[in-house]
Amino acid sequence: MAIDTHTAPATPVAAQAPQDGRLSGRAKLVLFVLCAAQFMVALDFSVLNVALPVLGDDLGLSRSALQWAVTAFALPSGGFLLLFGRIADLYGRKKLFLTGLALFGAASLLATLAWDPASFLTGRALQGLGAAVIVPTGMSLLTTTFPEGPQRDRALGISGTLLSLGFTVGMVLGGVMTDTLGWRSTMGLLAVAAVIVLALAPGLLPESRTPDRPRLDVPGAITVTGGLLALIYSLSTAAQRGFGGADVWGTLVVGLALLAAFVVVESKAPAPLVSLPMLKRRTVAWGNLGGLVTFSMMSTVIFVLTLYLQEILGLSSFRTGLVFGVQGVMSVLAGSYAAKVIGRFGARRTLVGSLLGQGLLTAVLLAVGSESGALLATVAVSLASMCHLGAIISYGLTVTSGVPDEEQGLATGLVTTTQQVGLTIGIPLLGVLATTRSDLFHGVRTVLLVDAVILVAAAALVAVGLGRRKA
């Protein structure tokens, strides 16, 4: 579908479809390509986790250095999101999306063929850079392709379902593939997936970008990217070694200082990377708070439940994977109804209700015992994940609703940055309460209690923040 990218934003592919949320055949293909790319990136976050010990023995990575298999991906994937979201707005979302796919596929191939730690970590870092391109451009292509209303609600519902499912499938699939085909197969799978999506995308996706081309805000790009990189490095390192190291506190202070400088720079920039008036929108500010909390708290629950199931109850990796497999099935079920729920109650009420439900069901997990509780954990975390999925979809809709097409890259960049930062900070901030306690069971219970309190408090804050009328 050709358009004049110099004079107009993308013409919605679904524009001629019925306005009840049903999608045309072409719109379904576009949605498939965009969701497949998001699913691939989500899979990359978890598919390697269970393979780390085997990978370390094969490549000669020490136990203390294994964290870099995760951190090397997390640093660029979270640090460059806002920058690439803005570049896509200015120079073409489709072009950058395809570039990100090519980079991700090549990096996955490098990681598959890695011959030493340096080559593997280089591949992981390039994967993260490719993900930082794919995620915001894919999301902005989705929100500019599907018009606001039932069609966008349904598209984001499907996308959110597959995003949540990707994390869960990765945990189960990673163990199976590592046991049967070796750890390299997990990276090879991602390379094949990137090639398939890259082959389909050019003929289906419309190009879009901002009609005019203001200058890129270089000072803003440097401060926000540097601040996010330092912050993510600090918290990722703290997850492995605690907050006692000078490098952890040093990079944390540097990161916060750079982010503070970013705010000052943006207030004076003629063409800011992030529009401060956008950040002042109730929907953007409070919606992103809800997204940050739901991602960080759910990633923490999954982390401590993995410790609980394996180290306290003694379940095998396979049986633990089945628990999270049930969670994934329930997430898919929730995704199939999310658009209808949002259509009836609205994105804002759904976000508040989902955060509250996630918090209350996390509190239910406090009833698990030191000798039994696998069934209760399975049911409670699965139901909590359904609420979590509702929060994912509704916060994305809340943040992007009413944002003009020329600023969708900025809005979706904020959405995906919130997602990445949330996934990064939860475990370092709360997980250490479990891993540093001599009594692991009581440490797990402490984390679950704090997690539940934060979720309920966030639901109340978001309800008040979104409920206030504009002055």
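The values are calculated or read from the model by the stated rules, or taken from the named source; none is laboratory data. What you are looking at is a predicted structure, and each value in this text was computed from that prediction instead of being measured. Note: ideal-geometry Cβ built from the backbone for every residue, glycine included; neighbour counts use all protein chains shown. Each accessible area value is taken on the protein alone, full model and side chains, heavy atoms only, with ligands, DNA and RNA left out. Shrake-Rupley method; radii C 1.70, N 1.55, O 1.52, S 1.80 Å.
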Reach of Lys340 by Cα under 20 Å, taken over lysines that are not fewer than 8 positions away in the same chain: Lys28
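Using the per-residue mean of other Cβ atoms lying within 10 Å as a proxy for protection, in what order, highest first, do the peptides 192-204, 330-342 fall?
Values: 192-204: 17.2, 330-342: 19.8.
The packing order, highest mean first, is 330-342, 192-204.
Give the whole-number value, in cubic angstrom per residue, of the convex hull volume spanned by the C-alpha atoms of region 288-335.
Numbers: hull volume 3.2 nm³, N = 48.
It comes to 66 Å³ per residue, whole-number rounded.
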In Å², nearest 10: area of Leu121 left accessible to a 1.4 Å probe: 40 Å²
